Amino acid sequence: MRLAKSSFSGILLTIAIGGCFGGEGSGIVGISGGGNGNGGNGTSGLGFFVQPNSADVGQTITPAVEIVVRDSLGGTDSSFTGSVTISFASNPTGATLSGTTVRQPVNGIASFTNLAIDRAGTYTLQASASGAVSVTSGAFTINAP
């Protein structure tokens with residue numbers, strides 16, 4: 001975490017910059033901005049709030065993969081009314097992604113609670129939404145049981 005401090009006419013301003021920027025677990029990872037500042041509806045990007053973790057073949061990926069919808073200023077867009085879709089970004093084994101792959105965000109977060117993959121391998125997922133730049137997860141492994 002990095003702290004930036006500035007003083008303006010006797011006012012001290014402290015800004016903390018940090019988060020989970022890779023690997024497994026929670027944190028805003030891979031936020032992508034729109035090329036023109038917004039995606040036509042004020043939304044500029046998506047981020048993995050919870051990255052996919054390793055799991056066994058056919059088992060639900062836990063914790064649930066979560067995608068945050070960002071507005072043009074980088075804040076959570078809790079008014080976003082579109083759908084978020086999740087799919088493979090890389091699928092070297094020809095596996096099938098099962099579970100609910102299209103979700104409506106609640107307060108700007110789409111939670112994919114029942115995703116599973118039917119073949120062992122290393123994968124990445126991609127989240128996309130209308131009016132937002134898509135984002136790709138970090139690599140994760142599905143293990144043979």
For region 62-70, just list the computed ³J(HN,Hα) in residue order, Karplus coefficients 6.51, -1.76 and 1.60, θ = phi - 60°, integers in Hz, with x standing in for Gly and Pro.
10, x, 4, 5, 10, 10, 9, 9, 10
In order through region 136-145: 3J(HN,Hα) via Karplus (6.51 cos²θ - 1.76 cosθ + 1.60), integer Hz, x for Gly, Pro:
10, 6, x, 5, 9, 10, 9, 9, 5, x
Computed FRET value (nearest 0.05) for Ala139 with Gln59, which takes r as the C-beta separation and R₀ as 25 Å:
0.90
Neighbour counts of other C-beta atoms within 10 Å: give me Leu97, Leu125, Leu73 arranged from fewest to most.
Leu73, Leu97, Leu125
I'd like the distance between the alpha-carbon centres of region 68-85 and region 111-145, rounded to an integer number of Å.
19 Å
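Just so you know, all these numbers are worked out from the coordinates, no wet-lab data involved. Note that the structure is predicted; figures quoted are calculated from it, not measured. Cβ atoms come from the backbone with ideal geometry, glycine included; neighbour counts cover every protein chain shown.
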